[in-house]
Amino acid sequence: MLRLDDVWLRYGRGGGWVLRGVTAALAPGEVAVVLGLNGVGKSTLLQVVAGVLRPSRGAVRERPAVVGWVPERFPADQPFTVDQYLGHIAAARGEPRSAAAQWTERLGIAGYRGVRLPDLSKGTAQKVGLAQALIRRPGLLILDEPWEGLDAATRDIVPELVAEVAGAGGAVLISDHRGETARLPGAAQWSVQDGHLTVGGSAEAPWVIEISVGAGDAVEAAARLRAEGHTVLRVGPR
Amino acid sequence: MSALVRMRVAGFARTGRSLAPLLAGLVVIGILYGGGQARPAEAYGVSAVVLFPVLAWQTKLLLDTEPDVQRHLARVIDRREWLAGLAAAALAGLVPVALALVLPWLIGGVKLGQGDSLPGALAVGLWTHGLALPAAVALGALASRAVTRSAGYGVAVLVSGMTWALVLGLKSSPAPWLAPPVMPVARAVTGAVQGGQVAVLSVWGAGWAVAGLACYAYLRRTRP
């Protein structure tokens, strides 16, 4: 079972602590959603779990051998076509270069296989990011805001992929600040606030709902939400 | 890990960035051999000195070509991503080294003297450049963005390291051991090199490269 034992992290000796004494566990087949406002350290926590960042104190133990990590933004500034890139990743994963084909088909990017990565739209690039993480079935799948930039059809695929990985015994960790994790009703909740992690959700950790209203209705809608006791974070054009 | 090495080399080769150090290498070799014929051993010693900064620069360019997030993805796939980068840089460095060894013969820049042999001359060339390449890779790696985290610091480390290696390598240097032995090797091959001298310079060069590469590996633990 993947364990985070009293994990602390800061960027540089003079920096403040981004994670403070994080302790948690994720069993095979378990799905957990990391919740929290922007900038509280969700991505940092995910990168520590993935093995990108080394904890300043504490340790991540029993990390599965195959980890699939989908970063928040796929690094599309690379001189490869989709096919070439996924071929390199498949080879690095010890899989045949053709292993990517099933994922390009399933994610609807088969028609882009010959397109250079810098020429892809943000959503298509994000699908390449998903494909690279799944080429070899991961024992731990980490998705950092996986719904960002995806079209509606692909947004529906994400819960399917999560269920498949979990069903095969893989653990899944997902960050989300858009409320999309309502699509994962059985997932455990990890809430990050001020560098601390609360497992099982927290009444203190608020959720954020982004709503869209007509310009003429914005002031009235904000006033109504405030009157109902909610906090309105921002009112303005998109 | 070899797949990650191929990916780094392919990514570098596909960008225009790989052309700049290659052209610079060709220019310095052209200047070096443009003035007339020299004995190969002497020429190879100087060639290793002038290629040292080019090889270090090429290493930095290669390591900096991959976006930071892709480097992080590679680290998730294989913890030895840092080693794959070094191997890719060393492989890429073999191209200018091969040109430096072969081109002088093609353009008539070298001429065998009395007692010289082609295999012997090439062995000297392999030795001089073989000592320069790992040290240059170490310097370029220490100047890479993953370690220095900014373009300005990266250039400062690279230029300081090049200057350090050349100035401390001068004959009158008070502390030649603090730099890779590219200059002492160039001086040594102007005459008959003794076996003991080869051993000392080889151990010196290998030690400096190992120290530099170990420093890079240590820094990369906390600098993904």
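The values are calculated or read from the model by the stated rules, or taken from the named source; none is laboratory data. Source: prediction; values computed, not measured. FYI the Cβ positions are ideal-geometry reconstructions off the backbone, even for glycines, and counts take in every protein chain you see. Remember, those area values only see protein heavy atoms, side chains included, never the ligands or the DNA or RNA. Shrake-Rupley method; radii C 1.70, N 1.55, O 1.52, S 1.80 Å.
Are any of the residues in the stretch B:214-222 within 30 Å of B:L73 (Cα to Cα), open to solvent by 40 Å² or more (accessible area, probe 1.4 Å), more than 14 Å from chain A (Cβ to nearest Cβ) and not aliphatic (A, V, I, L, M)?
For the stretch B:214-222, residues within 30 Å of B:L73 (Cα to Cα), open to solvent by 40 Å² or more (accessible area, probe 1.4 Å), more than 14 Å from chain A (Cβ to nearest Cβ) and not aliphatic (A, V, I, L, M): present.
Please note which strands (runs of 3 or more DSSP E) are completely contained in the stretch A:9-76 and include at least 3 residues that are among the β-branched types (V, I, T).
Counting at least 3 such residues, we get A:17-26, A:31-35.
Which ones in the stretch B:118-155 are in a helix (DSSP H, G or I), open to solvent by 50 Å² or more (accessible area, probe 1.4 Å) and farther than 18 Å from B:W204 by Cβ?
B:L118, B:P119, B:L122, B:A123, B:R145, B:A151, B:G152, B:Y153, B:V155
Scan the stretch A:17-73 for residues that are away from every other protein chain (no Cβ under 14 Å) and of a type outside the set (G, A, S) and report the count.
The total comes to 19.
Where in the stretch A:118-221 are there strands (runs of 3 or more DSSP E), lying fully within it, with 2 or more residues that are open to solvent by 20 Å² or more (accessible area, probe 1.4 Å), within 22 Å of A:R73 (Cα to Cα) and in the same structural domain as A:A25 (by TED's automatic domain parsing)?
none
If I ask for residues that are not in a helix (DSSP H, G or I) and not polar (S, T, N, Q), which ones from the stretch A:77-109 would you list?
A:D77, A:P79, A:F80, A:R93, A:G94, A:E95, A:P96, A:L107, A:G108, A:I109 - these are the residues of the stretch A:77-109 that are not in a helix (DSSP H, G or I) and not polar (S, T, N, Q).
In the stretch A:92-101, what residues are under 11 Å from A:Q132 (Cα atoms) and either crowded, with 20+ Cβ neighbours inside 10 Å or within 12 Å of chain B (Cβ to nearest Cβ) (or both)?
A:A92, A:R93, A:A100
If I ask for residues that are open to solvent by 20 Å² or more (accessible area, probe 1.4 Å) and either under 15 Å from B:G11 (Cβ atoms) or of a type outside the set (D, E, K, R) (or both), which ones from the stretch A:54-73 would you list?
Passing the criteria: A:P55, A:S56, A:G58, A:A59, A:V60, A:P64, A:A65, A:V66.
For B:F12, are the conditions met, namely being surrounded by 22 or more Cβ atoms within 10 Å (Cβ to Cβ), facing another protein chain (nearest Cβ under 10 Å), more than 30 Å from A:P64 (Cα to Cα) and out of contact with any Gly (no Cβ under 6 Å at 6 or more places or on another chain)?
So B:F12 passes the test.
What residue, among those in the stretch A:77-87 that are open to solvent by less than 20 Å² (accessible area, probe 1.4 Å) and over 12 Å from A:L134 (Cβ atoms), is farthest from the other protein chains (Cβ to nearest Cβ)?
The extreme case among them is A:V82.
Given the condition within 14 Å of chain A (Cβ to nearest Cβ) and surrounded by 13 or more Cβ atoms within 10 Å (Cβ to Cβ), answer yes or no: does some residue in the stretch B:169-179 qualify?
No, the conditions are met nowhere in the stretch B:169-179.
Do the conditions hold for A:P138, that is, is it within 17 Å of the chain's Cα centre (by Cα) and not charged (D, E, K, R)?
When the stated conditions are applied, A:P138 passes them.
With the requirement that a residue be in contact (Cβ under 8 Å) with a residue 60 or more places away in the chain, facing chain A (nearest Cβ under 7 Å) and within 20 Å of B:V137 (Cα to Cα), what does the stretch B:38-73 give you?
none
Residues being closer than 23 Å to B:L26 by Cβ and among the small types (G, A, S): count how many of those fall in the stretch B:103-126.
Residues that pass the stated criteria total 4.
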